[in-house]
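Contents: one structure, followed by commentary.
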Amino acid sequence: MSADIHKKDPEATPPGPAPTQAAPIKAVPVRHYGRYVSALIALAALGSVVYAFSEGDINWAFIPDYFFNDRILSGVRETLVLTFLSMVIGVAGGVLLAVMRLSKNPVVSSIAWFYIWFFRGTPVLVQLFVWFNLGFVFEYVNLGPFYKDEWSDFMTPFLTALLGLGLNEAAYMAEICRAGLLSVDEGQTEAAHALGMSQGKTLRRIVLPQAMRVIVPPTGNEVINMLKTTSLVAAVQYYELFKHAQDIGMTSGATVEALFLAATWYLILTSVLSVGQYYVERYYARGSLRQLPQTPWQKVRAHLTSLSSRSEVTR
């Protein structure tokens, strides 16, 4: 049985109609009317607050007049020093307490748990007053041949502030550090031990560097919070920014203006620390993100570029 096979010549096929060229798509940006409404509401609320303060009986010239006052600058310096030293005590104590908390020794773990429970469970201001008034319990500080003095002379306002803030911060940093240590996979520790590394060396070389990615962001928040918490030590007569502002306000009769001055300085200091925190977080995020987050300047440039491109499209 034979079958005829007919082959078509491609040249004999009549050409079809030429493909029509698609019209260019005109992209129209989405209109976010809700954003405009919310922005107007926010501006109206801000304007009303500014107007209320401008009409109040406040001498706004007081703030620039005393902004660089010697006592204010001295208070800023003492605030920064106290913040730094308290955080050093807090971070060092927090790492130690976190390691103790994770220890297999029940005595060591219980001691760390009790410390954290006690200092997190009592207000900082109460702790400051307790440190300042421990002279009712310990009349003398006797360290044998090295040091001996009355408690009232030993426990100065600076030492009270340093112990009250630093030891309290250690309890919070302990939980932050513990969360960071637990975030590292156990296989990392097992691999380090298989290579013959000791427990301490494994902690320093393997676990802590990886845990920093989790520890750094809340630690930055703790630094900013510590800067503001230093204002509490005015209650134990330590002269930092808030205490100096209080005294200046009482002697000059501008109590509210002095508080606004202190608030302005706190805003400036916390803003600078926030920028530093952002870059530290960005540094430690290098090993966990495919692409690092944009810096503030890069965000501004990208936003300006998008605005210019949108305006060209609408034209």
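The values are calculated or read from the model by the stated rules, or taken from the named source; none is laboratory data. Just so we're clear, the structure is a prediction, and the values are computed from it rather than from any experiment. Cβ: placed from backbone, ideal geometry, glycine included. Neighbour counts: every protein chain shown. For the accessible areas, the whole protein counts, side chains as well, though only heavy atoms, and no ligand, DNA or RNA atoms are used. Shrake-Rupley method; radii C 1.70, N 1.55, O 1.52, S 1.80 Å.
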Which of the residues belonging to region 167-212 are over 19 Å from Tyr283 (Cα atoms), open to solvent by less than 70 Å² (accessible area, probe 1.4 Å) and among the small types (Gly, Ala, Ser)? Ala170, Ala171, Ala174, Ala179, Gly187, Ala191, Ala192, Gly196, Ser198, Gly200
Which count do you get for residues in region 144-166 that are outside any loop (DSSP other than H, G, I, E, B) and open to solvent by 10 Å² or more (accessible area, probe 1.4 Å)? 12
Across region 233-261, what is the total count of residues that are within 25 Å of the chain's Cα centre (by Cα), without any contact (Cβ under 8 Å) to a residue 60 or more places away in the chain and surrounded by 16 or more Cβ atoms within 10 Å (Cβ to Cβ)? 1
When you scan region 99-128, how many residues do you find that are of a type in the set (Ser, Thr, Tyr) and exposed (fewer than 13 other Cβ atoms within 10 Å of the Cβ)? 0
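Tyr239: closer than 26 Å to Ala262 by Cβ and not in a helix (DSSP H, G or I), yes or no?
Taking the combined requirement at face value, the residue satisfies it.
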Based on what the data block shows, is Thr230 closer than 30 Å to Tyr140 by Cα and either open to solvent by less than 40 Å² (accessible area, probe 1.4 Å) or not polar (S, T, N, Q) (or both)? yes
Do we have any residue at all in region 136-143 that's open to solvent by less than 70 Å² (accessible area, probe 1.4 Å) and either in a loop (DSSP other than H, G, I, E, B) or of a type outside the set (A, V, I, L, M) (or both)? no
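Please go through region 167-186 and pick out each residue that is free of Cβ contacts under 8 Å to residues at least 12 places away in the same chain and not in a helix (DSSP H, G or I).
Asp185
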Looking only at region 19-75, which residues are under 19 Å from Ala262 (Cα atoms), assigned to a helix (DSSP H, G or I), at pLDDT below 90 and aromatic (Phe, Trp, Tyr)? Phe53
